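Beneath this line is the structure, given in structure tokens, with notes to follow.
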Amino acid sequence: MLKMPEAVPSMVSQSFAGLFPSAVIVTLAMIVRYLFSLTSLGSIHQVIFTIIQTPITNIGNSLWALLLITLLSRLLWMIGIHGMLVLMPILLTVFMPLDLQNLEAFTNGDPLPNIVGLAFWILCTSIGGGGATLGLNILMAFQSKSKQYKTLGKLSLPSGIFGINEPLIFGIPIVFNALYAIPYIISPLINLVIGYFVIKIGLAPAPSGASILGMPIPIVFCRFVTRKLEIRCVTIILLVN
């Protein structure tokens with residue numbers, strides 16, 4: 001750590017305090033990168049893909065894996081830990097490649113090979129945010145008898161439409177709330193099962209993979225059913241809600 005004279009303002013000295021550890025980290029990272037470049041794999045990213053991602057993808061790219069991840073993420077939320085951020089590395093590692101396969105097939109006009117994937121998970125479990133709380137948000141905003149809940153519902157609804165429900169999770173609160181834990185945990189699991197079988201029986205196509213967090217779910221569904229009847233888009237939205 002660099003020690004500055006006492007006359008130097010604390011704000012300036014704190015800025016310089018991080019220079020030495022930053023330089024050490026960057027140097028070590030460059031050394032590791034160079035060492036991996038000497039191997040047949042070429043980079044640490046390829047090592048991770050070969051050793052970790054490929055086996056996990058072969059084992060865990062199923063509806064059961066998504067159900068388990070969803071259950072764990074909701075349980076973490078109930079004790080105040082952002083479950084999605086904790087488990088996002090697994091989702092990105094295992095399920096995003098499935099989305100890329102779907103996107104490539106969709107671009108080439110081929111049948112989509114996968115139902116499950118990160119896009120499928122977002123569509124089914126993030127309707128209004130983690131736990132699929134958009135229905136709760138709408139009821140609070142327009143039908144709640146509690147003035148406090150109605151105000152919170154109206155304030156949270158704009159962000160809820162875009163999949164951000166932290167105002168509800170900490171405002172109701174849902175965290176550490178045994179009563180709300182039941183629908184918060186079960187609803188996204190039911191949505192996953194319904195969504196999977198609706199796609200499996202051909203009522204709607206599998207997601208093409210072109211989805212992002214924060215996009216309103218009804219719009220995403222409409223984008224994914226452009227080759228089907230519009231009524232099917234409405235049917236899916238009603239089912240998963």
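The values are calculated or read from the model by the stated rules, or taken from the named source; none is laboratory data. As the structure is a prediction and not an experimental result, all values here were calculated from the model. Note that we place each Cβ from the backbone using ideal geometry, even for glycine, and neighbour counts take in every protein chain shown. Ligands, DNA and RNA are excluded from the accessible area calculation, which covers all protein heavy atoms including side chains. Shrake-Rupley method; radii C 1.70, N 1.55, O 1.52, S 1.80 Å.
Just a few scattered comments:
- Kirkwood hydrodynamic radius (C-alpha pairs) into Stokes-Einstein, region 104-207, 10 °C and 1.306 mPa s, D in µm²/s: 106 µm²/s
- At most 15 other Cβ within 10 Å, DSSP loop - trypsin sites (Lys or Arg not before Pro), region 120-192: Lys145
- Size of region 121-162: Rg and Dmax of its alpha carbons, in Å, are 10.4, 34.
- Taking Phe120, Phe162 and ordering them by how much accessible surface each has at a 1.4 Å probe, largest first, produces Phe162, Phe120.
- Potential lengthening of the chain between Phe170 and Ser40 amounts to 41.9 nm, from the contour at 0.36 nm per residue minus the alpha-carbon distance.
- Extension gain, Asn177-Leu72: 0.36 nm per intervening residue step, less the Cα-Cα distance, totals 36.2 nm.
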